[in-house]
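The values are calculated or read from the model by the stated rules, or taken from the named source; none is laboratory data. Given the structure is predicted, the values throughout are model-derived calculations rather than measurements. Cβ placement follows ideal geometry from the backbone for every residue including glycine, while neighbour counts extend to all protein chains displayed. Accessible surface is based on the protein model in full, side chains and every heavy atom, while ligands, DNA and RNA are left aside. Shrake-Rupley method; radii C 1.70, N 1.55, O 1.52, S 1.80 Å.
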Amino acid sequence: MRRQCSSPTGFSEAEILSVDISETYLAQAEERVRACGYTNVTFRHADLAATDLPPESADHIFVCFVLEHIPEP
């Protein structure tokens, strides 16, 4: 199955950080992103509850399939 890559407009200068606790899923995501030719995405293996990211260091946060795993979101 051939994967399709989207061509987002207006985000070419964005710096994107992808964080996941699963090294397997993170590796799959990086493979797919690189296959699409995106160069503005950084991948980090980490627990969202214990990252070294400073407060207010992001302009936007997108969370998918996370809240149901947090005891007190």
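What the table below lists for this structure:
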item	result
Förster-model FRET efficiency, 22 Å R0, Ala14 and Phe65, C-beta, rounded to 0.05	0.50
Potential extension, Glu23-Ala49 segment - 0.36 nm per residue separation minus Cα distance	7.7 nm
Accessible-area value, Leu48, 1.4 Å probe, nucleic acids and ligands omitted, Å²	100
GluC sites (Glu not before Pro) restricted to the range 29-65 and DSSP loop, no more than 15 other C-beta within 10 Å	Glu56
Two-site label geometry, Thr39 and Glu56: point separation in nm, points 7 Å out along Cα→Cβ	3.3
P(r) histogram, all alpha-carbon pairs of the chain included - 10 Å bins from 0, percent	14, 46, 32, 7, 0
Accessible area in square angstrom per residue, the chain, 1.4 angstrom probe	94
Relative contact order (%) - criterion: Cα under 8 Å, at least six apart; region: the chain	31
Where no second cysteine Cβ lies under 4.7 Å, the cysteines concerned in the chain	Cys64
Ranking by accessible area, most exposed first, for Tyr38, Tyr25 with a 1.4 Å probe	Tyr25, Tyr38
